[in-house]
Amino acid sequence: MSKRKPFIAGNWKMYKTCPEAVETAKKLVRILHGIDHVDVMIAPSFTALASVYEVIKDSSVMIGAQNLFWEKEGAYTGEISPGMIVSSGCRYVIIGHSERRQYFGETDLSVNKKIRAAIKNSLAPVFCIGETEKERDAEDTFNILDKQIKMGLEGFSPDDLQHMILAYEPVWAIGTGKTATSVQAQEVHRFLRNLIENLFGKRIAGSIRILYGGSVKPENIGELMSMPDIDGALVGGASLDAEKFAGIINFKI
Ligand code: PEP
């Protein structure tokens, strides 16, 4: 089991209108009342952030955004700045999710700029990395992760990464029902912690929380959380239902 406080995040992707998001957040706050053994974050769509914040602000649930654009303001139609996200009550922002890399052309370079902008605005990045099925089959997993980490975090100091959360999400496990086994995930998490230690030192490597993401459900969270380098989960589908998500948060090892 991990030595760090578990962190469980729900990525609501492009699901739920604003009233639906508010309804789910209300249920979650009710079910999770008094919970403090886990940090819980939900990431609704941009249009629901401010309304969901009103629901969770006096509870232990926190909110984050699913993306940002790095400029402060300007003629960037359709984009959302870090300041806008902060003013909606967010403390976190998911960056580099594989769906953004796959469908919206995000690269390690744009991810780097986004992480920089998040940190500058006191938003903790939830930095997502992961290999595709093809890359895993070609035994390229560790090379891919090495590149994603080195490029995504190029130019940062250990202090910059103090509040950052890393999310290992094998692309082949996202939304597919295929979960990495706890042994497969632990192997990668250990590799990532060693890499962080080599790049940024022991202190950050010891404190950084590394989440696993990819078809996490109430039935498999306990086994994943029993591993020493798995500090929590980034949950997609199973976070959309408050009771199911609470079943993950209340995991038993
Ligand atoms: C995700 O969106 O980050 C994710 C892991 O999705 P799912 O849990 O549905 O696989």
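Quick one: count up the residues across the range 87-117 that are closer than 25 Å to Gly237 by Cβ and buried (at least 17 other Cβ atoms within 10 Å of the Cβ).
16
Among the listed residues Val111, Val126, identify the single one that is within 14 Å of the ligand (Cβ to nearest atom), under 23 Å from Glu73 (Cα atoms) and not polar (S, T, N, Q). So that I can check it myself, show each step before the final result.
Working: Val111 fails: within 14 Å of the ligand (Cβ to nearest atom).
Step by step, each of Val111, Val126 is checked, and only Val126 is within 14 Å of the ligand (Cβ to nearest atom), under 23 Å from Glu73 (Cα atoms) and not polar (S, T, N, Q).
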**Prompt:** Among the residues of the range 149-181, how many are at pLDDT 95 or above, in contact with a Ser or Thr (Cβ under 9 Å, 6 or more places away or on another chain) and not hydrophobic (A, V, I, L, M, F, W, C)?
**Reply:** 4
**Request:** From the list Ile230, Ile149, Ile174, Ile210, pick out the single residue that is of a type in the set (A, V, I, L, M), open to solvent by 10 Å² or more (accessible area, probe 1.4 Å) and within 20 Å of Gly130 (Cα to Cα).
**Result:** Ile174
**Message:** With the requirement that a residue be open to solvent by 10 Å² or more (accessible area, probe 1.4 Å) and of a type in the set (Val, Ile, Thr), what does the range 177-207 give you?
**Reply:** Thr179, Thr181, Val183
**Asked** Just one of Ala43, Ala21 is crowded, with 16+ Cβ neighbours inside 10 Å and without any contact (Cβ under 8 Å) to a residue 40 or more places away in the chain; which is it?
**Response** Ala21
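Provide a single number: the residues in the range 195-231 that are among the hydroxyl-bearing types (Ser, Thr, Tyr), within 16 Å of the ligand (Cβ to nearest atom) and outside any loop (DSSP other than H, G, I, E, B). Talk me through it step by step, then tell me what you get.
Initially, the range 195-231 is screened for residues among the hydroxyl-bearing types (Ser, Thr, Tyr), giving 207, 212, 215, 226.
From what's left, within 16 Å of the ligand (Cβ to nearest atom): 212, 215.
Remaining after also requiring outside any loop (DSSP other than H, G, I, E, B): 212.
Residues flagged as among the hydroxyl-bearing types (Ser, Thr, Tyr), within 16 Å of the ligand (Cβ to nearest atom) and outside any loop (DSSP other than H, G, I, E, B) within the range 195-231 amount to 1.
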**Asked** Which pairs have Cβ atoms under 7 Å, sit 6 or more apart or on different chains, and link a residue in the range 165-181 that is outside any strand (DSSP E or B) to one that is more than 10 Å from the ligand (Cβ to nearest atom) and of a type in the set (Ser, Thr, Tyr)?
**Response** Val171/Thr132; Trp172/Thr132
**Asked** Of all residues in the range 93-114, how many are within 13 Å of the chain's Cα centre (by Cα) and closer than 20 Å to His189 by Cα?
**Response** 5
**Unique residue being loosely packed, with under 15 Cβ neighbours inside 10 Å and in a loop (DSSP other than H, G, I, E, B) when the list is Glu131, Glu139** = Glu139
**Message:** So, Ser157, is that one open to solvent by less than 70 Å² (accessible area, probe 1.4 Å), within 16 Å of the ligand (Cβ to nearest atom) and assigned to a loop (DSSP other than H, G, I, E, B) or not?
**Reply:** no
**Request:** Exactly one condition in (1) open to solvent by less than 70 Å² (accessible area, probe 1.4 Å); (2) under 26 Å from Gln162 (Cα atoms); (3) polar (S, T, N, Q) is not met by Ser122; state its number.
**Result:** (1)
**Prompt:** Does at least one position in the range 238-249 carry a residue that is within 12 Å of the ligand (Cβ to nearest atom), of a type in the set (Phe, Trp, Tyr) and in contact (Cβ under 8 Å) with a residue 60 or more places away in the chain?
**Reply:** yes
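The values are calculated or read from the model by the stated rules, or taken from the named source; none is laboratory data. No experiment lies behind these values; they were computed from the predicted model shown. We place every Cβ from the backbone using ideal geometry, glycine too, and count neighbours over all the protein chains shown. Side chains are part of the model used for accessible areas, which takes the heavy atoms of the whole protein and leaves out ligands, DNA and RNA. Shrake-Rupley method; radii C 1.70, N 1.55, O 1.52, S 1.80 Å.
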